[in-house]
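The values are calculated or read from the model by the stated rules, or taken from the named source; none is laboratory data. A quick note: this is a predicted structure, and the numbers were derived from the prediction, not measured. Here the Cβ positions follow ideal geometry from the backbone for every residue, glycine too, while neighbour counts run over all protein chains shown. When the accessible area is computed, the model is the full protein with side chains, heavy atoms only, and any ligands, DNA or RNA have been set aside. Shrake-Rupley method; radii C 1.70, N 1.55, O 1.52, S 1.80 Å.
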Amino acid sequence: MNLSLSHPHSTFLLLFFFFFTILTDHSFTVTSATCHVDDETGLLGFKSSITADPSGMLSTWKPGSDCCKWSGITCLTSNRVTSLSLMGQSDKPNSFLSGPISPSLSKLKFLDGLYLRNLRNISGPFPDFLFGLPEFKFIYIDNNKLSGRIPGSIGNLTGLYSLSLSGNRFSGPIPSSISQLTELSQLNLGGNRLTGPIPNGIRKLKNLSLFSLDRNQLSGSIPDFFGSFSELRVLSLSYNKFTGKFPASISSLAPTLRYLELAQTGLNGQIPQFLGNFKALDTLDLSRNNFSGVVPRSFANLTKIFNLDLSRNYLIDPFPNLSVKGIESLDLSYNKFHLGEIPKWATSSPIIYSLKLARCGIKLRLEDWKPSQTYFYDFIDLSENEISGSAIGLLNMTDYLVGFWASRNKLKFNLESLRIVERLKYLDLSRNEVFGKVPNGVSKLERLNVSYNHLCGKLPVTNFSASAFLGNDCLCGSPLAACKSVA
(Lines give C-alpha, C1' and ligand atoms only; values in the text may rest on other atoms or scores of the structure.)
Protein backbone atom coordinates (compact mmCIF):
# COMPACT_ATOMS: atom_id res chain seq x y z
CA MET A 1 0.00 0.00 0.00
CA ASN A 2 1.60 3.25 -0.83
CA LEU A 3 0.46 5.95 1.00
CA SER A 4 -0.62 3.54 -1.45
CA LEU A 5 -0.96 1.85 0.46
CA SER A 6 -3.10 1.97 3.48
CA HIS A 7 -5.60 3.66 1.48
CA PRO A 8 -4.50 7.12 0.45
CA HIS A 9 -8.04 8.57 1.03
CA SER A 10 -7.94 7.86 4.78
CA THR A 11 -4.47 9.27 5.35
CA PHE A 12 -5.22 12.35 3.26
CA LEU A 13 -8.45 13.05 5.16
CA LEU A 14 -6.71 12.91 8.52
CA LEU A 15 -3.84 15.15 7.38
CA PHE A 16 -6.40 17.59 5.95
CA PHE A 17 -8.26 17.58 9.28
CA PHE A 18 -5.06 18.47 11.17
CA PHE A 19 -4.22 21.26 8.72
CA PHE A 20 -7.75 22.69 8.58
CA THR A 21 -8.05 22.73 12.37
CA ILE A 22 -4.80 24.63 12.82
CA LEU A 23 -5.53 27.06 10.01
CA THR A 24 -9.04 27.91 11.18
CA ASP A 25 -8.01 28.18 14.82
CA HIS A 26 -5.99 31.32 14.13
CA SER A 27 -7.85 32.76 11.12
CA PHE A 28 -10.26 35.27 12.61
CA THR A 29 -12.23 37.98 10.85
CA VAL A 30 -10.12 40.09 8.54
CA THR A 31 -10.13 43.78 9.45
CA SER A 32 -11.33 46.39 7.01
CA ALA A 33 -8.44 48.85 7.35
CA THR A 34 -5.62 49.01 4.81
CA CYS A 35 -2.69 46.69 5.44
CA HIS A 36 0.75 47.90 6.44
CA VAL A 37 3.02 49.20 3.66
CA ASP A 38 5.79 46.73 4.55
CA ASP A 39 3.37 43.84 4.19
CA GLU A 40 2.18 45.07 0.79
CA THR A 41 5.77 45.51 -0.40
CA GLY A 42 6.79 42.06 0.81
CA LEU A 43 3.83 40.32 -0.81
CA LEU A 44 4.27 42.12 -4.13
CA GLY A 45 7.94 41.08 -4.04
CA PHE A 46 6.79 37.47 -3.66
CA LYS A 47 4.41 37.89 -6.59
CA SER A 48 7.10 39.40 -8.79
CA SER A 49 9.31 36.34 -8.23
CA ILE A 50 6.57 34.02 -9.50
CA THR A 51 7.25 33.16 -13.13
CA ALA A 52 3.98 31.35 -13.88
CA ASP A 53 0.47 31.64 -12.44
CA PRO A 54 -1.80 30.19 -15.13
CA SER A 55 -4.91 30.00 -12.94
CA GLY A 56 -4.62 33.61 -11.70
CA MET A 57 -4.13 32.61 -8.10
CA LEU A 58 -2.49 35.98 -7.38
CA SER A 59 -4.76 38.08 -9.62
CA THR A 60 -6.20 40.02 -6.67
CA TRP A 61 -2.72 41.10 -5.53
CA LYS A 62 -2.69 44.63 -6.95
CA PRO A 63 -0.61 47.60 -5.78
CA GLY A 64 -2.57 50.22 -3.89
CA SER A 65 -5.38 47.87 -2.83
CA ASP A 66 -5.83 46.51 0.66
CA CYS A 67 -3.56 43.46 0.84
CA CYS A 68 -5.57 42.15 3.79
CA LYS A 69 -8.29 41.40 1.22
CA TRP A 70 -6.02 39.64 -1.25
CA SER A 71 -6.57 35.99 -1.97
CA GLY A 72 -4.80 33.79 0.58
CA ILE A 73 -4.01 36.58 3.04
CA THR A 74 -5.11 36.79 6.67
CA CYS A 75 -4.58 39.93 8.79
CA LEU A 76 -5.01 39.98 12.54
CA THR A 77 -3.30 42.27 15.09
CA SER A 78 -3.02 45.91 14.00
CA ASN A 79 -3.90 45.08 10.41
CA ARG A 80 -0.65 43.17 9.93
CA VAL A 81 -0.46 40.09 7.69
CA THR A 82 -0.20 36.99 9.87
CA SER A 83 -0.84 34.21 7.36
CA LEU A 84 -0.07 33.50 3.69
CA SER A 85 -2.03 30.50 2.40
CA LEU A 86 -2.00 29.43 -1.26
CA MET A 87 -3.21 25.99 -2.24
CA GLY A 88 -3.16 24.26 -5.62
CA GLN A 89 -5.91 21.88 -6.67
CA SER A 90 -4.61 18.53 -7.90
CA ASP A 91 -7.60 17.96 -10.18
CA LYS A 92 -6.92 21.22 -12.06
CA PRO A 93 -3.74 21.08 -14.21
CA ASN A 94 -3.36 24.88 -14.32
CA SER A 95 -3.62 25.30 -10.58
CA PHE A 96 0.07 25.85 -9.80
CA LEU A 97 2.72 28.51 -9.24
CA SER A 98 6.29 28.48 -10.57
CA GLY A 99 9.25 30.30 -9.07
CA PRO A 100 11.17 30.70 -5.78
CA ILE A 101 9.92 31.91 -2.41
CA SER A 102 11.08 35.52 -2.40
CA PRO A 103 13.00 36.72 0.68
CA SER A 104 10.89 39.88 0.44
CA LEU A 105 8.44 38.03 2.69
CA SER A 106 10.87 38.85 5.52
CA LYS A 107 9.13 42.27 5.61
CA LEU A 108 6.03 40.56 7.03
CA LYS A 109 7.19 40.84 10.64
CA PHE A 110 3.95 39.48 12.09
CA LEU A 111 3.74 36.46 9.78
CA ASP A 112 3.18 33.31 11.82
CA GLY A 113 1.99 30.88 9.15
CA LEU A 114 3.22 30.05 5.63
CA TYR A 115 1.01 27.60 3.73
CA LEU A 116 2.20 26.91 0.17
CA ARG A 117 0.52 23.57 -0.50
CA ASN A 118 0.33 21.53 -3.67
CA LEU A 119 1.57 24.39 -5.84
CA ARG A 120 3.86 21.87 -7.58
CA ASN A 121 6.51 24.20 -9.02
CA ILE A 122 7.68 26.35 -6.11
CA SER A 123 11.45 25.82 -6.20
CA GLY A 124 14.70 26.81 -4.54
CA PRO A 125 16.18 26.08 -1.10
CA PHE A 126 14.48 26.21 2.28
CA PRO A 127 13.40 29.85 2.82
CA ASP A 128 15.95 30.92 5.41
CA PHE A 129 14.39 34.37 5.83
CA LEU A 130 11.97 32.60 8.17
CA PHE A 131 14.70 32.56 10.80
CA GLY A 132 14.26 36.32 11.13
CA LEU A 133 10.53 36.15 11.87
CA PRO A 134 10.05 35.76 15.62
CA GLU A 135 6.34 34.97 15.51
CA PHE A 136 6.58 31.95 13.23
CA LYS A 137 4.41 28.98 14.23
CA PHE A 138 3.30 27.06 11.12
CA ILE A 139 5.24 25.95 8.03
CA TYR A 140 3.36 23.93 5.41
CA ILE A 141 5.29 23.88 2.13
CA ASP A 142 4.06 20.58 0.68
CA ASN A 143 4.15 19.05 -2.81
CA ASN A 144 6.51 21.51 -4.44
CA LYS A 145 10.10 21.37 -5.73
CA LEU A 146 12.16 22.78 -2.90
CA SER A 147 15.60 21.17 -2.82
CA GLY A 148 18.95 21.15 -1.06
CA ARG A 149 19.39 20.37 2.61
CA ILE A 150 17.10 21.20 5.47
CA PRO A 151 19.33 23.74 7.26
CA GLY A 152 20.72 23.00 10.69
CA SER A 153 19.46 26.40 11.82
CA ILE A 154 15.91 25.00 11.62
CA GLY A 155 16.41 24.39 15.35
CA ASN A 156 16.25 28.15 15.93
CA LEU A 157 12.52 28.20 15.14
CA THR A 158 11.73 27.08 18.66
CA GLY A 159 8.17 28.40 18.54
CA LEU A 160 7.09 26.15 15.66
CA TYR A 161 3.92 24.12 16.17
CA SER A 162 3.94 22.50 12.71
CA LEU A 163 6.70 21.71 10.21
CA SER A 164 5.50 20.05 7.02
CA LEU A 165 7.84 19.86 4.03
CA SER A 166 6.47 16.68 2.43
CA GLY A 167 6.59 16.03 -1.29
CA ASN A 168 9.67 18.11 -2.12
CA ARG A 169 13.25 17.24 -3.11
CA PHE A 170 15.17 17.84 0.08
CA SER A 171 18.25 15.64 0.43
CA GLY A 172 20.89 14.86 3.00
CA PRO A 173 20.31 14.01 6.67
CA ILE A 174 17.57 15.18 8.97
CA PRO A 175 19.38 17.87 11.03
CA SER A 176 19.86 16.88 14.65
CA SER A 177 18.87 20.42 15.64
CA ILE A 178 15.27 19.49 14.87
CA SER A 179 15.24 18.12 18.41
CA GLN A 180 15.13 21.73 19.65
CA LEU A 181 11.62 22.23 18.23
CA THR A 182 10.00 21.01 21.42
CA GLU A 183 6.69 22.78 20.74
CA LEU A 184 6.07 20.78 17.53
CA SER A 185 2.73 19.06 17.21
CA GLN A 186 3.27 17.92 13.61
CA LEU A 187 6.47 16.87 11.87
CA ASN A 188 6.02 15.73 8.26
CA LEU A 189 9.12 15.31 6.09
CA GLY A 190 7.72 12.53 3.90
CA GLY A 191 8.27 12.21 0.16
CA ASN A 192 11.74 13.72 -0.06
CA ARG A 193 15.24 12.29 -0.63
CA LEU A 194 16.48 12.33 2.93
CA THR A 195 19.21 9.89 3.96
CA GLY A 196 20.89 8.65 7.11
CA PRO A 197 19.31 7.64 10.42
CA ILE A 198 16.40 9.14 12.30
CA PRO A 199 17.98 11.50 14.87
CA ASN A 200 17.61 10.07 18.33
CA GLY A 201 16.94 13.59 19.66
CA ILE A 202 13.47 13.52 18.12
CA ARG A 203 12.46 11.77 21.35
CA LYS A 204 12.40 15.28 22.89
CA LEU A 205 9.42 16.30 20.73
CA LYS A 206 6.92 15.05 23.28
CA ASN A 207 3.95 17.01 21.89
CA LEU A 208 3.90 15.28 18.50
CA SER A 209 0.49 14.18 17.27
CA LEU A 210 1.71 13.49 13.71
CA PHE A 211 5.14 12.07 12.82
CA SER A 212 5.73 11.21 9.16
CA LEU A 213 9.03 10.42 7.42
CA ASP A 214 7.66 8.07 4.74
CA ARG A 215 9.01 7.80 1.17
CA ASN A 216 12.61 8.79 1.83
CA GLN A 217 15.90 6.87 1.84
CA LEU A 218 16.46 6.79 5.57
CA SER A 219 18.50 3.90 6.98
CA GLY A 220 19.61 2.25 10.19
CA SER A 221 17.23 0.90 12.79
CA ILE A 222 14.04 2.66 13.80
CA PRO A 223 14.82 4.27 17.19
CA ASP A 224 13.02 2.66 20.11
CA PHE A 225 11.91 6.00 21.55
CA PHE A 226 8.14 6.00 21.10
CA GLY A 227 7.42 6.00 24.81
CA SER A 228 8.03 9.76 24.65
CA PHE A 229 5.01 10.47 22.45
CA SER A 230 1.88 10.31 24.59
CA GLU A 231 -0.16 12.38 22.10
CA LEU A 232 0.80 10.62 18.85
CA ARG A 233 -2.10 9.91 16.48
CA VAL A 234 -0.30 9.31 13.17
CA LEU A 235 3.01 7.44 12.68
CA SER A 236 4.17 6.90 9.10
CA LEU A 237 7.68 5.65 8.33
CA SER A 238 6.87 3.60 5.21
CA TYR A 239 9.14 3.18 2.19
CA ASN A 240 12.59 3.69 3.64
CA LYS A 241 15.68 1.51 4.04
CA PHE A 242 15.53 0.63 7.71
CA THR A 243 16.62 -2.69 9.19
CA GLY A 244 15.83 -4.56 12.37
CA LYS A 245 12.78 -5.57 14.32
CA PHE A 246 9.56 -3.86 15.34
CA PRO A 247 10.38 -1.24 18.02
CA ALA A 248 8.92 -2.48 21.30
CA SER A 249 8.18 1.03 22.58
CA ILE A 250 5.50 1.43 19.90
CA SER A 251 3.34 -0.55 22.35
CA SER A 252 3.07 2.61 24.49
CA LEU A 253 1.09 4.33 21.69
CA ALA A 254 -1.91 2.01 22.05
CA PRO A 255 -4.23 4.53 23.77
CA THR A 256 -3.90 7.25 21.12
CA LEU A 257 -2.59 5.93 17.78
CA ARG A 258 -5.00 5.94 14.82
CA TYR A 259 -2.65 5.42 11.86
CA LEU A 260 0.39 3.11 11.89
CA GLU A 261 2.14 2.83 8.52
CA LEU A 262 5.39 0.86 8.38
CA ALA A 263 5.26 -0.54 4.83
CA GLN A 264 8.57 -1.50 3.20
CA THR A 265 10.71 -0.56 6.16
CA GLY A 266 12.91 -3.68 6.18
CA LEU A 267 11.40 -4.96 9.44
CA ASN A 268 11.59 -8.69 10.21
CA GLY A 269 10.59 -11.16 12.88
CA GLN A 270 7.03 -11.73 14.06
CA ILE A 271 4.26 -9.18 14.20
CA PRO A 272 4.05 -8.29 17.91
CA GLN A 273 1.09 -9.41 19.98
CA PHE A 274 0.75 -5.95 21.53
CA LEU A 275 -0.75 -4.54 18.32
CA GLY A 276 -3.98 -6.18 19.42
CA ASN A 277 -4.15 -3.56 22.18
CA PHE A 278 -4.51 -0.71 19.65
CA LYS A 279 -8.28 -0.71 19.87
CA ALA A 280 -8.64 2.77 18.37
CA LEU A 281 -6.50 1.93 15.31
CA ASP A 282 -8.02 2.98 11.98
CA THR A 283 -5.18 2.04 9.62
CA LEU A 284 -2.42 -0.57 9.91
CA ASP A 285 0.01 -1.05 7.02
CA LEU A 286 2.86 -3.54 7.52
CA SER A 287 3.12 -4.56 3.86
CA ARG A 288 6.31 -5.37 1.92
CA ASN A 289 8.41 -6.38 4.89
CA ASN A 290 9.94 -9.64 6.08
CA PHE A 291 7.47 -10.53 8.80
CA SER A 292 7.01 -14.26 9.35
CA GLY A 293 4.97 -16.56 11.56
CA VAL A 294 1.28 -16.18 12.33
CA VAL A 295 -0.78 -13.04 12.63
CA PRO A 296 -1.43 -12.59 16.37
CA ARG A 297 -4.81 -13.81 17.61
CA SER A 298 -5.00 -10.51 19.47
CA PHE A 299 -5.89 -8.88 16.12
CA ALA A 300 -9.45 -9.96 16.92
CA ASN A 301 -9.48 -6.97 19.29
CA LEU A 302 -9.03 -4.48 16.41
CA THR A 303 -12.75 -3.86 16.12
CA LYS A 304 -12.36 -0.34 14.72
CA ILE A 305 -9.83 -1.13 11.99
CA PHE A 306 -10.83 0.25 8.58
CA ASN A 307 -7.68 -0.31 6.53
CA LEU A 308 -5.49 -3.39 6.97
CA ASP A 309 -2.54 -4.21 4.69
CA LEU A 310 -0.29 -7.17 5.54
CA SER A 311 0.57 -8.03 1.93
CA ARG A 312 3.94 -9.29 0.67
CA ASN A 313 5.34 -10.80 3.84
CA TYR A 314 5.92 -14.43 4.87
CA LEU A 315 2.92 -14.86 7.13
CA ILE A 316 1.32 -18.28 7.60
CA ASP A 317 -1.99 -19.82 8.71
CA PRO A 318 -4.14 -19.56 10.65
CA PHE A 319 -5.44 -16.05 10.09
CA PRO A 320 -7.49 -14.77 13.07
CA ASN A 321 -11.22 -14.18 12.75
CA LEU A 322 -11.63 -10.42 13.08
CA SER A 323 -14.66 -8.79 14.70
CA VAL A 324 -14.69 -5.60 12.65
CA LYS A 325 -18.01 -3.89 12.05
CA GLY A 326 -16.98 -2.66 8.62
CA ILE A 327 -13.61 -2.72 6.93
CA GLU A 328 -12.88 -0.34 4.03
CA SER A 329 -9.75 -1.89 2.51
CA LEU A 330 -8.08 -5.26 3.04
CA ASP A 331 -4.89 -6.61 1.45
CA LEU A 332 -3.49 -9.97 2.53
CA SER A 333 -1.92 -10.81 -0.84
CA TYR A 334 1.31 -12.74 -1.42
CA ASN A 335 1.89 -14.36 1.93
CA LYS A 336 1.63 -18.09 2.69
CA PHE A 337 -2.03 -18.15 3.64
CA HIS A 338 -4.51 -20.88 2.70
CA LEU A 339 -7.72 -19.05 3.55
CA GLY A 340 -10.01 -21.35 1.58
CA GLU A 341 -12.66 -18.67 1.37
CA ILE A 342 -12.98 -14.91 1.38
CA PRO A 343 -13.23 -13.94 5.07
CA LYS A 344 -16.84 -13.47 6.17
CA TRP A 345 -15.96 -10.28 8.05
CA ALA A 346 -14.81 -8.78 4.77
CA THR A 347 -17.73 -10.17 2.73
CA SER A 348 -20.22 -8.67 5.17
CA SER A 349 -18.68 -5.19 5.28
CA PRO A 350 -21.14 -2.56 4.02
CA ILE A 351 -18.39 -0.03 3.25
CA ILE A 352 -15.54 -2.04 1.72
CA TYR A 353 -14.06 -0.51 -1.44
CA SER A 354 -10.79 -2.46 -1.85
CA LEU A 355 -10.38 -6.22 -1.48
CA LYS A 356 -7.00 -7.73 -2.43
CA LEU A 357 -6.47 -11.42 -1.72
CA ALA A 358 -4.03 -12.49 -4.42
CA ARG A 359 -2.39 -15.90 -3.82
CA CYS A 360 -4.28 -16.48 -0.58
CA GLY A 361 -5.31 -20.10 -1.22
CA ILE A 362 -8.95 -19.29 -1.96
CA LYS A 363 -11.05 -22.10 -3.47
CA LEU A 364 -14.60 -21.22 -4.51
CA ARG A 365 -17.05 -20.69 -7.33
CA LEU A 366 -17.26 -16.94 -7.79
CA GLU A 367 -21.06 -17.11 -8.12
CA ASP A 368 -21.18 -18.50 -4.56
CA TRP A 369 -19.52 -15.41 -3.11
CA LYS A 370 -22.28 -13.08 -1.96
CA PRO A 371 -20.82 -9.77 -0.73
CA SER A 372 -23.25 -7.62 1.24
CA GLN A 373 -22.66 -4.82 -1.24
CA THR A 374 -20.82 -4.26 -4.52
CA TYR A 375 -21.70 -0.58 -4.97
CA PHE A 376 -18.61 0.86 -3.25
CA TYR A 377 -16.00 -1.47 -4.72
CA ASP A 378 -13.11 0.29 -6.45
CA PHE A 379 -10.56 -2.53 -6.48
CA ILE A 380 -10.81 -6.33 -6.37
CA ASP A 381 -7.71 -8.53 -6.74
CA LEU A 382 -8.26 -12.30 -6.56
CA SER A 383 -5.26 -13.30 -8.70
CA GLU A 384 -3.48 -16.66 -8.37
CA ASN A 385 -6.13 -18.57 -6.46
CA GLU A 386 -8.35 -21.53 -7.37
CA ILE A 387 -11.50 -19.61 -8.21
CA SER A 388 -13.86 -21.05 -10.80
CA GLY A 389 -17.15 -20.03 -12.35
CA SER A 390 -18.13 -16.72 -13.88
CA ALA A 391 -17.18 -13.14 -13.00
CA ILE A 392 -20.08 -11.67 -14.98
CA GLY A 393 -22.58 -11.53 -12.11
CA LEU A 394 -20.11 -9.76 -9.84
CA LEU A 395 -18.66 -7.33 -12.34
CA ASN A 396 -21.96 -6.36 -13.91
CA MET A 397 -23.21 -5.21 -10.48
CA THR A 398 -20.31 -2.81 -9.88
CA ASP A 399 -20.84 0.66 -11.34
CA TYR A 400 -17.74 2.24 -9.80
CA LEU A 401 -15.14 -0.50 -10.16
CA VAL A 402 -11.72 0.84 -11.18
CA GLY A 403 -9.67 -2.35 -11.23
CA PHE A 404 -10.34 -6.11 -11.33
CA TRP A 405 -7.46 -8.61 -11.28
CA ALA A 406 -8.15 -12.36 -11.45
CA SER A 407 -5.26 -13.88 -13.39
CA ARG A 408 -4.26 -17.55 -12.93
CA ASN A 409 -7.61 -18.87 -11.79
CA LYS A 410 -10.19 -21.16 -13.42
CA LEU A 411 -12.79 -18.61 -14.44
CA LYS A 412 -14.97 -19.59 -17.37
CA PHE A 413 -17.41 -17.16 -18.99
CA ASN A 414 -18.19 -15.33 -22.22
CA LEU A 415 -16.22 -12.08 -22.26
CA GLU A 416 -18.80 -10.49 -24.57
CA SER A 417 -21.27 -10.55 -21.65
CA LEU A 418 -19.06 -8.27 -19.57
CA ARG A 419 -20.33 -4.74 -19.03
CA ILE A 420 -17.36 -2.35 -19.21
CA VAL A 421 -18.35 0.41 -16.78
CA GLU A 422 -17.20 3.98 -17.31
CA ARG A 423 -14.75 4.04 -14.40
CA LEU A 424 -13.05 0.71 -15.12
CA LYS A 425 -9.36 1.25 -15.97
CA TYR A 426 -7.59 -2.02 -15.18
CA LEU A 427 -8.71 -5.53 -16.15
CA ASP A 428 -6.57 -8.68 -15.88
CA LEU A 429 -8.22 -12.01 -16.72
CA SER A 430 -5.09 -13.70 -18.06
CA ARG A 431 -4.56 -17.46 -17.76
CA ASN A 432 -8.17 -18.49 -17.21
CA GLU A 433 -10.75 -20.23 -19.40
CA VAL A 434 -12.54 -17.15 -20.71
CA PHE A 435 -14.09 -17.51 -24.17
CA GLY A 436 -15.96 -15.47 -26.80
CA LYS A 437 -14.86 -12.28 -28.51
CA VAL A 438 -13.04 -9.26 -27.07
CA PRO A 439 -15.69 -6.51 -26.76
CA ASN A 440 -15.18 -3.03 -28.18
CA GLY A 441 -15.52 -1.50 -24.70
CA VAL A 442 -12.01 -2.61 -23.69
CA SER A 443 -10.58 0.19 -25.82
CA LYS A 444 -11.44 2.63 -23.00
CA LEU A 445 -9.25 0.79 -20.47
CA GLU A 446 -5.77 1.92 -19.44
CA ARG A 447 -4.47 -1.61 -18.90
CA LEU A 448 -5.77 -4.93 -20.19
CA ASN A 449 -4.52 -8.51 -20.08
CA VAL A 450 -6.68 -11.33 -21.46
CA SER A 451 -3.79 -13.51 -22.63
CA TYR A 452 -3.87 -17.31 -22.45
CA ASN A 453 -7.61 -17.89 -22.56
CA HIS A 454 -9.91 -19.29 -25.25
CA LEU A 455 -10.89 -16.06 -26.98
CA CYS A 456 -11.54 -15.89 -30.69
CA GLY A 457 -12.39 -13.41 -33.45
CA LYS A 458 -11.19 -10.07 -34.69
CA LEU A 459 -9.78 -7.68 -32.10
CA PRO A 460 -11.26 -4.20 -31.68
CA VAL A 461 -9.02 -1.20 -32.27
CA THR A 462 -6.98 -0.55 -29.10
CA ASN A 463 -3.57 0.78 -28.07
CA PHE A 464 -2.57 -2.40 -26.24
CA SER A 465 0.48 -4.45 -27.18
CA ALA A 466 0.33 -8.02 -28.46
CA SER A 467 1.21 -9.36 -24.98
CA ALA A 468 -2.31 -8.45 -23.82
CA PHE A 469 -3.81 -10.98 -26.26
CA LEU A 470 -1.25 -13.76 -26.73
CA GLY A 471 -2.01 -17.45 -26.20
CA ASN A 472 -5.69 -17.46 -27.18
CA ASP A 473 -7.44 -19.85 -29.57
CA CYS A 474 -8.04 -17.71 -32.62
CA LEU A 475 -7.73 -13.99 -32.05
CA CYS A 476 -6.61 -11.93 -35.01
CA GLY A 477 -6.12 -8.35 -36.10
CA SER A 478 -3.73 -5.69 -34.88
CA PRO A 479 -1.55 -6.01 -32.82
CA LEU A 480 -1.71 -9.76 -33.67
CA ALA A 481 -1.54 -11.26 -37.12
CA ALA A 482 -4.07 -10.04 -39.66
CA CYS A 483 -7.34 -11.93 -39.92
CA LYS A 484 -7.63 -14.26 -42.87
CA SER A 485 -10.01 -12.97 -45.50
CA VAL A 486 -12.97 -15.17 -46.37
CA ALA A 487 -12.98 -16.06 -50.08
Point to revise | Charge dipole (the chain, unit charges on Cβ, about Cα centre) - positive-most of Gln180, Phe404, Phe464 | key: Phe464
Practice item. Enumerate the amide H contacts of Phe170 below 5 Å, restricted to partners 5 or more residues apart or on another chain; note that Pro and chain-start residues carry no placed amide H. Key: Arg193
Point to revise | Fraction of accessible area attributable to carbon and sulfur, the chain (%, probe 1.4 Å) | key: 52
Study note, to complete from the structure: Over the chain, cysteine residues that find no other Cys C-beta under 4.7 Å are Cys360
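With every protein chain left in place, what is the accessible area per residue of the chain in square angstrom, probe 1.4 Å?
Computed with neighbouring chains in place, this is 42 Å² per residue.
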Revision key, fill the gap. Taking a crude spin-label model, label points 7 Å out from Cα along the C-beta direction, the Met397 to Asp317 distance in nm is 2.7
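Please arrange Lys458, Lys92 by accessible surface area, largest first, computed with a 1.4 Å probe and ligands excluded.
Details: Lys458 150, Lys92 100 Å².
Result of the area sort, largest leading: Lys458, Lys92.
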Practice item. Taking H placed 1.01 Å from N in the peptide plane, check which residues at least 5 places from Cys75 or on another chain put their amide H under 5 Å from its amide H. Key: Thr31, Thr82
Check your understanding: Using a 1.4 Å probe, how large is the accessible area of His454, given in Å² and rounded to the nearest 10?
Key -> 90
**Study point:** Separation of alpha-carbon centers, the stretch 279-341 and the stretch 163-241, rounded to whole Å
**Key:** 26
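Cα-Cα over 30 Å: which of Lys412/Lys458; Lys356/Lys437; Lys137/Lys356?
Working: Lys412/Lys458 20 Å; Lys356/Lys437 28 Å; Lys137/Lys356 42 Å.
Long pairs (Cα-Cα over 30 Å): Lys137/Lys356.
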Point to revise | Residue among Leu260, Ala280, Asn414 farthest towards the positive dipole end of the chain, charges placed on Cβ | key: Asn414
Exercise for review: Quote the FRET efficiency, to the nearest 0.05, computed for Ala52 versus Ala481 with a Förster distance R0 of 51 Å and r equal to the Cβ-Cβ distance.
Suggested key: 0.55
**Study point:** Shape call, the stretch 237-323: gyration tensor on alpha carbons, a/c limit 1.5
**Key:** oblate
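Quick one: net charge around Thr41, please, counting Lys, Arg +1 and Asp, Glu -1 for every other residue with C-beta under 15 Å from its C-beta. Write out the running numbers ahead of the final one.
Working: positive: Lys47, Lys62, Arg80, Lys107, Lys109; negative: Asp38, Asp39, Glu40, Asp66.
Neighbour charge sum, excluding Thr41 itself: +1.
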Check your understanding: When the C-alpha atoms of the chain are aligned to their principal axes, what extent does each axis show, in angstrom, from largest down?
Key -> 83, 59, 37
Point to revise | Whole-Hz couplings from phi, Karplus 6.51/-1.76/1.60, listed for the stretch 183-199; x for Gly and Pro | key: 8, 4, 9, 10, 10, 10, 10, x, x, 10, 10, 6, 10, x, x, 6, x
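Would you mind classifying the stretch 265-305 by shape? Square roots of the alpha carbon gyration tensor eigenvalues, ordered a ≥ b ≥ c; an a/c under 1.5 is rounded, otherwise it is prolate if a/b is larger than b/c and oblate if not. Numbers along the way, then the final one.
Numbers: a/c = 2.66, a/b = 1.58, b/c = 1.69.
Cα axes put the stretch 265-305 in the oblate bin.
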Study note, to complete from the structure: Ignoring ligands and nucleic acids, Arg169 exposes an accessible area, probe 1.4 Å, in Å² to the nearest 10, of 100
Check your understanding: Hey, what do the phi angles of the stretch 320-330 turn into as Karplus ³J(HN,Hα) couplings, whole Hz, using 6.51/-1.76/1.60 and θ = phi - 60°, x for Gly and Pro?
Key -> x, 8, 7, 10, 6, 7, x, 9, 8, 9, 9
Review point. What accessible surface, in Å², does a 1.4 Å probe find on Asp91, ignoring ligands, DNA and RNA and rounding to the nearest 10?
Key: 120
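Please report the net charge: other residues with Cβ closer than 10 Å to the Cβ of Arg288, K and R +1, D and E -1.
Numbers: positive: Arg312; negative: Asp285, Asp309.
Local charge sum for Arg288: -1.
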Exercise for review: Whenever you get a sec, line up Val434, Val37, Val294 from highest to lowest accessible area (probe 1.4 Å, protein heavy atoms).
Suggested key: Val37, Val294, Val434
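Give me the net charge for the shell around Leu480: Cβ to Cβ below 13 angstrom, other residues only, Lys and Arg +1, Asp and Glu -1.
Every neighbour counted, the sum reads +1.
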Review point. Past the 32 Å Cα-Cα mark, which pairs from Lys206/Lys344; Lys241/Lys410; Lys279/Lys444; Lys241/Lys344; Lys69/Lys145?
Key: Lys206/Lys344; Lys241/Lys410; Lys279/Lys444; Lys241/Lys344
**Study point:** Solvent exposure ordering (accessible area, 1.4 Å, most first) of Val324, Val461
**Key:** Val461, Val324
Point to revise | Listed residue (Leu210, Ile154, Thr195) projecting farthest to the positive dipole end of the stretch 142-218, Cβ model | key: Thr195
Exercise for review: Among the aspartates and glutamates, select those whose C-alpha is under 14 Å from the C-alpha of Lys363, and discard any that sit fewer than 8 residues away in the same chain.
Suggested key: Glu341, Glu384, Glu386
